[in-house]
Each structure stands twice: as structure tokens, then as C-alpha cells.
Amino acid sequence: MRELISLHVGQCGNQVGIEFLKMLCNQHNIDPLGNAKSATSSSNERKDIFFREDDSGRFVPRSILIDTEPRVLDRISKGQIQGLLDPENMVMPQKEGSGSGNNWMKGYEFGEMYDEQIVDVIVREARHCDSLEGFLLLHSTAGGTGSGVGSRILERLSDCFPTKVIQTYTVFPHNKKDAADTTVQPYNTILTLRKLIEHASAVVVLDNDALNNIAQNTLRVENPQMEHINQFVSTVMDLSTSTLRFPGYTHNTLEGIIASLCPFPRNQFLMCSCAPLMTQATQQQHLRSTQVGEIMERLLNRENRLVSYVNTSGSGYYLSALDVLRGRSEEDVNGRQLMGAYRRIWDQKLITFAPWLSSSLEVAVTTKSPHVVQQNKVTGLMIANHTGIAALMKNFQSQFDKMYKQGSFLHMFEGVKLFEGTAKAEFDEAREVVQSTVDEYKQMEKPDFVSW
Ligand SMILES: Nc1nc2c(ncn2[C@@H]2O[C@H](COP(=O)(O)OP(=O)(O)O)[C@@H](O)[C@H]2O)c(=O)[nH]1
Ligand SMILES: [Mg+2]
């Protein structure tokens, strides 16, 4: 069956998670109470990857919502899809308070304190699965909950489910100094990066700067709100799971997809591009024509990338790349068009793989949900592993170093009981693990990497 359990942690994780669930309901024709809207479903549709059926035949998402403060979960439990969720899967042990105060260590401590409760819910959900394939973790790195509780959960998952894959959708913060999301985001981000490196099978990097730029500059949304930005995230989650939910002959297990995208266990940070770029909230779309060739070339453009840090024209290499293409009808994506697109991409040298690795651009053609109307001919997502992603880590490292040298805000972390006397060691170790991954990416840019 290959089921997946999604874990939504903290404000960002839960807000993105709701968009994800709405998208799933839409595509699988499930109403906000979990009822299938019509008895017919296409023969190859797999609702069961993300939903289980309860005693009354209603579809319940295999999703667990976790937060350290009630604000977001309260809103969700009064919102549009409250009837869909299993109340037992909403973990919010503290009914008041300000949660983890944007502090990774407080978040981690919380995760430890409620460890049993969280693991119990996960294990119970796992028991509902015939053959659990793995987990999706949705979270951000800048605050305290998604980062700290999220990190603790990553550790526990690799303890309790060592053979299962863990894919994260990780939102990195605005980077400009005057627009930083939280003052201590470099600390929280470095501490989280370390746990991602150590425990995640694949990390889909989402960067609020890039998402915001696309909304503002490409789609000309005047004052982009989270609602616009989260639609890009939901599109990524849609297409990256589409070959599992509407499976064809290839790319129909998450494990398989990750195995080809992440050939090295600690270099598993993936960047995505979308084409056409669009947001339903404003009905804006930036392309009038969406032929296969056009889409595949656009996916290699910087403007279409949901990560702002990576420079693919520099000295870096692609380690792997997968285009997921979804046509409005079967004729919209055919072999002839794919061959033509490949040839142009190769002739123009639009993509350069590491010379010491035998990788190439993979394509997965996925079927459209029969329950939704797709306006454009072809929609595409590229998921790629590129050595240039090290720039993201270096960026947060250098912000981290500046603050750490001055000892700024360290007392906030040293005051957390669980890290009394060990906060500095935790920081130093995290910094080191991130550095070693940056070094590995650097080595991979050398032609003689194999002999390193
Ligand atoms: N894309 C996106 N980012 C968000 C959302 N909510 C918060 N963030 C980002 O998440 C970071 C703050 O973390 P948050 O999730 O609010 O903290 P937590 O509740 O302690 O985990 C900042 O970088 C915010 O810009 C959201 O709904 N969508
Ligand atoms: Mg919060």
C-alpha cells in the first residue's frame, strides 16, 4: 500500500499543511467532512496513501498536527476542514501560553517533555497502515516549534522507524536583515539544519524570499500574503506526491524517488522549480502557452526556482534532477515532444551534471486528477539536487557566526533547562555538522571528487 503519514509542526507547518490537505481533498474528490463526493474514482487513483477510511466510510487524513501553543490549531479546529481531521491527531498539550518563543531549544525541550504523547499518536497512526512507506514533515526553521519540536521528532522517527523514509518540506526564512522573520533565526536554522542532515532522507527546501519574489515580481501580487505563498508550497507538495497518488509505471514509490534524487545520505537538500507559476488566490498565471518543451526549459530558469540562493551557472553541478510533468490530457505530454525538449536542453547546455556521476534529467509523466480542471496544457515541477545549495547553508552560517561571536541572545538559549550547561556545545556541534556538509558539496564540485 505504501502509505505516508504527514506531520505538521508549528505555525508554518500547520498553515502549509492545511493547504496541502485542501489540495488532496480537491484532487481526490473528498468533501470537508471526509465523504467521497461521488462513487466513481479513476482506476489508478490512490486515496489511501494519505487517507484511511473510518468505520463510517469517511476518509480521514493520515496527518498529525502538532503545536506548542493553541492559536493556529484553534483556528484550524474551527475552520473549513475541521470535520475532516481526527481530533486525536491534534497534539497541543498546552492550552495557553506563547509556545516555544521562537527558541529552538525551548521547542526541543517541549518535544522531549511530550515525547511519549507525540510518539504514541504517530505509532497509533502507523498501525492504521498496511505497509507504511514513511513520513512527511512540514515545518519552518526560523521559529521555535517547527524547528525544535520538528528536530526532536526527526530523531524519534529515525529511532522508532529506522527503515522508513522521512521527507521534509522545510521553509527557510526571509533573509534580508531588515526583513528577518525572527531575530534568532540564524541560531534556530543552524540547529535545525544539523538534525535535517543527520535524520532526513530528503529535504525539500522552500525559501520565503524566493516565494515572495515570485508572487511580487512574476505574478505581480501587490502585497503577497502567506495565503499566496502557501499555494506555491501546496503546488510543490501536489506534484511531488502526484506520481504516488496517481501512479504509473515509474516513480511510484517515495523511496524510489528519493533513492535516485539523493545518491549521498548527507547531501539530500533539494530545490524545486515550478512552471507555469500561478496562484489560485489571484487567478494569476505567468504563461499563456504551456507546451512540454516550454515548460521543461522554464523549469531550468532561475525565475522559476523556489530557492533564491542557488546559482546554477557558477561552478556547481547537478547531482540529480527529476521533472514531474502533468498534462491536461494524455496527448499533451508525448514521447516526441519529450525528445525534442531533451535535445534543446542538451544542445543549449542548460543543465550540467557532475562529470564523475552518471546521472541525467529524469522525467516522470503523471496523470491529472479526474476531479479537477487543469487550465493549462502542461504543469511541471523540477526537483533537483545541486551542489550550489551549499550557498543556503553558508548564508545562515555566516549570520550565525556574527551573532555567536558577539554572544548575542545566547542567554535565551542557555536559560532553557534541558540545555543548562550544554547550550554552547549544542551550537558548536551543529555548526560543525553543517560545515562538513558544506565541505562535501564543495568537494563534489571538483572533477576528481571520486578520488577524494
Ligand atoms: N511559507 C510560509 N511561511 C510561514 C508561514 N507561517 C510562518 N512562516 C514562516 O515561519 C517562520 C516562523 O516560524 P513559525 O512556523 O511561525 O514558528 P513556530 O510556530 O515556532 O514553528 C518565519 O520564517 C515565517 O516567515 C506560512 O504560513 N507559510
Ligand atoms: Mg508558533
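Some points to look at:
- Scan of region 90-107 for residues that are under 10 Å from GLY143 (Cα atoms) and of a type in the set (A, V, I, L, M, F, W, C), ordered by number: TRP104
- Count of residues meeting criterion [part of a loop (DSSP other than H, G, I, E, B) and at pLDDT 95 or above] in region 395-449: 8
- When region 101-134 is filtered for residues that are among the basic types (Lys, Arg) and within 16 Å of ligand 2 (Cβ to nearest atom), only LYS106 remains.
- Taking region 247-264 as the range and being crowded, with 18+ Cβ neighbours inside 10 Å and in contact with a strand residue (DSSP E or B) (Cβ under 6 Å, 6 or more places away or on another chain) as the test, the residues that pass are HIS251, LEU254, ILE258, LEU261, CYS262.
- Residues satisfying the stated conditions in region 5-22, i.e. away from ligand 2 (no atom under 13 Å from the Cβ) and either on the phi > 0 side of the Ramachandran plot or not in a helix (DSSP H, G or I) (or both): ILE5, SER6, LEU7
- Long-range neighbours under 6 Å by Cβ, at least six apart or interchain, first residue under 30 Å from GLY101 (Cα atoms) within region 11-38, second away from ligand 2 (no atom under 16 Å from the Cβ) and of a type in the set (Gly, Ala, Ser): GLU19/SER234; PHE20/SER234
- Condition check for LEU137: over 22 Å from PHE232 (Cα atoms) and within 16 Å of ligand 1 (Cβ to nearest atom): no
- Per the conditions (1) part of a helix (DSSP H, G or I); (2) closer than 24 Å to GLU133 by Cα; (3) of a type in the set (Ser, Thr, Tyr); (4) open to solvent by less than 10 Å² (accessible area, probe 1.4 Å), the sole criterion not satisfied by THR189 is (2).
- One residue stands out among those in region 67-106 that are among the basic types (Lys, Arg) and closer than 25 Å to ASP54 by Cβ: the one that is nearest to ligand 1 (Cβ to nearest atom), which is ARG75.
- Here the strands (runs of 3 or more DSSP E) wholly within region 38-114 that include at least 3 residues being closer than 15 Å to ILE18 by Cα are 63-66.
- For region 226-239, the candidate set comprises residues that are open to solvent by 10 Å² or more (accessible area, probe 1.4 Å) and modelled with pLDDT of 90 or more; within that set, the residue that is nearest to ligand 2 (Cβ to nearest atom) is MET226.
- If you check SER98, SER140, SER147 for being modelled with pLDDT of 95 or more, open to solvent by 10 Å² or more (accessible area, probe 1.4 Å), hydroxyl-bearing (Ser, Thr, Tyr) and within 14 Å of ligand 2 (Cβ to nearest atom), only one passes: SER140.
The values are calculated or read from the model by the stated rules, or taken from the named source; none is laboratory data. Please read all numbers here as calculations on a predicted model, not as lab measurements. When we count neighbours, we look across all protein chains shown, and the Cβ atoms used for this are built from the backbone with ideal geometry, even at glycine. Heads up: the accessible areas ignore ligands, DNA and RNA and are worked out on the full protein's heavy atoms, side chains in. Shrake-Rupley method; radii C 1.70, N 1.55, O 1.52, S 1.80 Å.
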